[in-house]
Structures are given as structure tokens and as C-alpha cells.
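Have a look at the structure below before the remarks.
The values are calculated or read from the model by the stated rules, or taken from the named source; none is laboratory data. Keep in mind that what you see is a predicted model, and the values were worked out from it rather than measured. Counting neighbours? That spans all protein chains shown, and the Cβs are built from the backbone with ideal geometry, glycine included.
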Amino acid sequence: MDPKQSLLRQLPAVDRVLNAPPLADLAEKLPHAILLESAQKAVADLRRQILDQPAAIEDAQLSPEAVSARALALARQALRPSLRRVINATGTLLHTNLGRAPLSAAALEAVNEVARSYSNLEFDLDSGGRGHRYAHVEELLCRLTGAEAATVVNNNAAAVLLSLTALAKGQEAILSRGELVEIGGAFRVPDVMASGGVMLREVGTTNKTHLRDYRDAITDQTGLLLKIHTSNYRIVGFTAAVTAAELAELGRERNILVMEDLGSGMLMDLSAFGLPQEPTVKETVAAGVDVITFSGDKLLGGPQAGIIVGQRAAIEKIRRHPMARALRIDKLTLAALEATLRPYLDQQQALREIPVLNMLAVPAAELETRCQGILRQLSAVLGDKASLEVVAETSTVGGGALPLTQLPGFALALVPQKISVDELAARLRRAPVPVIGRIQENRLLLNPRTLQAGEEGELGEALASALGSTESVRR
Ligand SMILES: *Cc1c(COP(=O)(O)O)cnc(C)c1O
């Protein structure tokens with residue numbers, strides 16, 4: 001008989017695959033629809049292989065149990081969570097595609113506690129009456145920034161949109177041409193203004209804007225003097241920009257509100273760790289800016305949130321705007337945010353406990369030692385499957401923050417000998433815990449700065465398996 005026909009005849013029916021172990025044992029535990037679909041797919045895959053390459057098929061592969069095991073692997077894949085942990089070996093601290101800031105242990109605990117039960121989200125435990133959602137972080141934010149009042153929304157894009165709409169709808173906001181920022185995706189300042197019903201009044205030039213440019217543009221239509229932090233680019237060379245303090249003074253003089261979008265927004269000076277000296281939120285409040293917005297999940301190191309601090313009357317107006325309800329943050333975010341903010345009361349504690357600050361502060365020498373540790377562990381396992389070396393590599397902060405800042409460090413540079421570097425990267429993305437590195441000049445760079453506790457071992461396992469080593473990495 002034709003070998004194809006004989007193999008096809010041996011191929012079990014879907015029903016038999018479902019009724020054979022291991023699938024049969026899991027019938028109660030996994031959704032039937034998924035098991036059925038997986039059994040159908042396993043049978044169809046084998047049928048295609050038989051038709052294409054009958055010589056490559058062995059009889060043992062066609063037993064109901066073997067096909068059932070194949071189907072189980074497919075079912076597990078279908079049931080695997082879509083949103084999963086990955087190992088960030090890019091060295092980029094606030095990788096927007098990888099979820100920006102990992103949360104502190106205290107933030108996780110707070111989320112867990114508030115999520116699993118009921119909470120006093122909008123309940124005043126003193127009076128027994130209705131409380132305010134934002135009260136849980138307002139006092140803390142005021143203490144940390146020196147502002148009179150504070151509120152929070154879903155993210156900083158929302159904070160900017162809401163503040164502009166609440167404070168200057170139907171009026172003009174004056175902004176320097178050098179600060180017409182696009183943050184990424186659909187967030188472009190002129191478009192945000194238009195959608196908030198605020199007329200943009202551009203002043204100055206791309207490289208130079210003077211205080212007189214703002215002053216000359218003020219009319220009875222002016223609702224806001226606006227500054228936007230150029231988070232993700234810099235204008236260098238022959239430049240001039242107006243400081244927050246100068247703009248705030250002009251605003252006071254002419255009785256016009258001044259708002260600044262700080263982007264990342266730092267609660268402490270991080271210049272000791274190689275970051276440029278940028279004004280902290282507190283310094284911006286002290287400079288007299290009325291309304292300041294910044295992100296919760298950039299250098300602050302917390303959950304996605306948009307924080308608005310400033311003058312009480314302006315914050316009240318923002319909070320009362322109907323759109324505020326549509327942009328409000330949920331209790332889990334609020335719990336994580338409060339727990340992230342609290343350690344900032346003591347800067348040393350913040351440096352110890354907030355993962356983003358920890359990772360930022362790791363000295364280059366320590367990264368080199370860590371790379372050498374991974375290298376020693378791996379070279380025994382990988383043998384001639386890849387060449388490995390420790391190289392100097394700078395990493396970036398990411399998340400559209402501090403574009404010119406290069407954090408000096410080290411990375412492991414890997415050149416696979418039997419497969420291409422792209423194939424290696426693809427295999428690492430398919431690992432049980434996917435590993436994301438950076439490809440540069442045909443090498444895969446793995447930077448330990450952004451590895452979390454315990455991930456070095458997992459990274460080793462993933463590499464060994466991707467390169468086809470049979471040795472175990474675990475000691
Ligand atoms: C990042 C950034 C935003 C957007 O903040 P999200 O929290 O990502 O919404 C807005 N403005 C500036 C200047 C930024 O850097």
C-alpha cells in the first residue's frame with residue numbers, strides 16, 4: 001500500500017485523541033472547547049505532515065496517546081496568559097513597550113491588600129460619611145512637592161488634556177515653538193490642545209524663545225502660559241528658553257495661570273547617578289508655577305498615573321471638570337501610587353525600595369561583576385554554541401525621558417555559532433519566560449541593569465535551551 005495511505009489510516013480520530021491520556025485526565029480541568037480545538041489541530045497538523053513528508057513520520061507519533069500529548073501542548077499554549085512577565089535585558093529602565101516601571105514590594109502588597117477585599121476608597125473612616133478617592137494621596141503629594149493641592153488621573157496624557165480643558169477651554173494657551181512636543185503615538189501637543197478646545201498661540205522660534213515673546217503675545221484671549229518639558233529630544237547649540245520662574249512671574253504680573261507639563265517629573269535630585277540636573281517637582285512648585293503635571297510610571301517608579309499638583313483653586317477646577325470622572329484612576333493604581341510615594345519622605349529609603357531608583361543607582365563596576373558571573377556560568381554550559389564576552393555598554397533611561405543621558409555600564413555580548421542572531425532573539429522571545437535583549441552589529445547584547453532578583457538563572461536557562469545545549473545551567 002501507499003505509505004501515505006497507511007499512515008493516514010493509523011492517524012487517530014479526534015474523539016480518540018480526546019479520550020486518551022493525558023487529555024482525558026484533564027477533561028474536567030480545562031475548558032472543553034479548547035481541548036477539542038487542540039485535538040483537531042494536532043490531528044490536522046499530523047495529516048499535513050504525512051502528506052508533505054511521510055518518511056519523517058514514525059508510527060509511535062500516531063498513537064492516540066502521542067497525539068493527545070501533542071494536543072495538550074497546544075491547549076497549554078492557548079490557555080497561557082497573554083499579558084506575561086518578560087525578562088528585560090535591554091538595560092532600558094523605562095521601556096514603554098515592556099511596561100515601564102516595575103513596582104516596589106510595598107506597592108505590590110498595597111495592591112494585593114486593597115484588591116482582595118473592600119477598602120475606604122471613598123469612605124471617611126472618621127465621620128462615617130462619604131470620603132474622597134484622591135484624599136489618599138493628596139496630603140502626601142503636597143508634602144513631597146510643597147504644593148497646596150494635588151489630584152491624580154489615569155496617566156500624564158490625561159492630566160495634560162484635562163488641565164488644559166478645565167483651565168483654558170475657549171481661550172488661548174501661549175507655548176514656545178521649541179516645546180511643540182510629540183510624545184509618541186497620538187499624543188502631539190497641538191492636537192491635544194485642539195481636542196481640549198484650547199487655541200494654540202505659538203511664540204518664539206524653534207531654537208530661541210524669550211520672555212518678551214510670551215509678553216507680546218498676551219491678549220484678553222490668553223487663558224494660560226504653558227511650558228512643556230522636552231522629555232524626548234533636546235534643542236542644542238544656539239538656544240534660549242524661558243525658565244519656569246520667569247514665566248511664573250509674568251503670569252503673576254498679568255494675572256494669567258501658568259502650567260508646566262514636566263513629563264517624567266522627579267521627586268528628588270538624581271544627578272548623583274549620572275542624570276542631568278533637571279528641576280524637581282518641588283523646585284517647579286517653588287518657582288511659582290500654578291499647575292504641574294507628571295507621570296506616575298516614569299522616573300517616579302510607580303504605576304501608570306498622571307499627577308497634577310499646584311494652586312488650590314486651579315486643582316479644584318480641574319477636579320470638578322466633568323471629564324475628570326472619565327479619566328479617574330482606579331483603586332489598585334491608587335494603592336500602588338500611595339505606597340510608591342511614601343518612601344520618598346526619606347530619600348535614602350526611596351533609593352533602597354523603589355526598583356527604578358535601585359537600578360539607576362547600580363554602579364558600572366557592579367554591572368561588570370554581574371556580567372562576569374553570568375559569563376562564567378554560561379561558558380561551561382554553552383561550549384562552542386556561542387561566543388561570549390563582556391563589553392562596555394551604555395544604557396538609556398527610556399520612556400521618552402532624558403534622551404541624551406547615557407548610563408555607563410556593561411553587557412554580555414553573544415554571537416551564536418550555529419544559528420543567526422535574529423533566530424536566537426526569536427527563540428528567546430518564545431522561552432517560558434521570554435527574554436528581550438538588544439541586537440547590535442550581529443551580536444545579542446544582554447544588559448544586567450534591568451534584570452530583577454532571580455532572573456539571572458532564568459536567563460541562563462533560556463539561553464541554554466535556545467542554543468540547544470543539553471547541560472543544565474542550575475548549579
Ligand atoms: C511621557 C510624557 C507625557 C505622557 O505621559 P504618560 O504618563 O505616558 O501619559 C506627556 N508629556 C510629557 C512631556 C512626557 O514626557
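In segment 155-169, the residues that are over 18 Å from VAL289 (Cα atoms) reach residues that are polar (S, T, N, Q) and within 11 Å of the ligand (Cβ to nearest atom) with C-beta atoms within less than 7 angstrom, at least six apart or across chains, in these pairs: ASN155/SER295; ASN155/GLN304. Scanning segment 87-97 finds no residues that are out of contact with any strand residue (DSSP E or B) (no Cβ under 8 Å at 6 or more places or on another chain) and surrounded by 13 or more Cβ atoms within 10 Å (Cβ to Cβ). Any chance segment 374-386 includes a residue that's closer than 30 Å to PHE273 by Cα and small (Gly, Ala, Ser)? For segment 374-386, residues closer than 30 Å to PHE273 by Cα and small (Gly, Ala, Ser): absent. Selection of segment 285-307 for residues being more than 13 Å from the ligand (Cβ to nearest atom) and either part of a helix (DSSP H, G or I) or at pLDDT below 95 (or both) yields VAL285, ALA286.
Among the residues here, ALA149 qualifies as more than 16 Å from the ligand (Cβ to nearest atom) and at pLDDT 95 or above. Screening segment 230-256 for residues that are free of Cβ contacts under 8 Å to residues at least 40 places away in the same chain and either within 16 Å of the ligand (Cβ to nearest atom) or β-branched (Val, Ile, Thr) (or both) and picking the one that is surrounded by the fewest Cβ atoms within 10 Å (Cβ to Cβ) gives VAL236.
Selection within segment 123-146: residues that are part of a loop (DSSP other than H, G, I, E, B) and touching a strand residue (DSSP E or B) at 6+ places or on another chain (Cβ under 6 Å). The member of this set that is nearest to the ligand (Cβ to nearest atom) is TYR134. Set side by side, the residues SER231, SER163, SER195 differ, and just one is closer than 23 Å to GLN277 by Cα, assigned by TED's automatic domain parsing to the domain that holds PRO322 and of a type outside the set (D, E, K, R), which is SER231. Screening LEU404 on (1) at pLDDT below 95; (2) crowded, with 16+ Cβ neighbours inside 10 Å; (3) within 16 Å of the ligand (Cβ to nearest atom) shows it passes everything except condition (2).
Identification of helices (runs of 4 or more DSSP H) wholly contained in segment 312-411 with 2 or more residues that are over 30 Å from LEU108 (Cα atoms) yields 312-320, 364-382. When GLU389 is tested against (1) at pLDDT 95 or above; (2) in contact with a Phe, Trp or Tyr (Cβ under 7 Å, 6 or more places away or on another chain), just one condition goes unmet, and that condition is (2).
Identify the residue in segment 312-369 that is hydroxyl-bearing (Ser, Thr, Tyr) and more than 14 Å from PRO102 (Cα to Cα) and, among all such residues, is surrounded by the most Cβ atoms within 10 Å (Cβ to Cβ). Walk me through how you get there before you give the answer.
Applying the first criterion (hydroxyl-bearing (Ser, Thr, Tyr)) to segment 312-369 yields 333, 340, 344, 369.
Filter once more, keeping what is more than 14 Å from PRO102 (Cα to Cα): 344, 369.
Details: TYR344: 23, THR369: 13.
My answer is TYR344.
Please find, among ASN207, ASN120, the residue that is surrounded by fewer than 20 Cβ atoms within 10 Å (Cβ to Cβ) and touching a strand residue (DSSP E or B) at 6+ places or on another chain (Cβ under 9 Å). Step by step, each of ASN207, ASN120 is checked, and only ASN207 is surrounded by fewer than 20 Cβ atoms within 10 Å (Cβ to Cβ) and touching a strand residue (DSSP E or B) at 6+ places or on another chain (Cβ under 9 Å).
Quick one: would you say MET259 is part of a loop (DSSP other than H, G, I, E, B), within 14 Å of the ligand (Cβ to nearest atom) and either in contact with a strand residue (DSSP E or B) (Cβ under 6 Å, 6 or more places away or on another chain) or free of Cβ contacts under 8 Å to residues at least 40 places away in the same chain (or both)? It is false that MET259 is part of a loop (DSSP other than H, G, I, E, B), within 14 Å of the ligand (Cβ to nearest atom) and either in contact with a strand residue (DSSP E or B) (Cβ under 6 Å, 6 or more places away or on another chain) or free of Cβ contacts under 8 Å to residues at least 40 places away in the same chain (or both).
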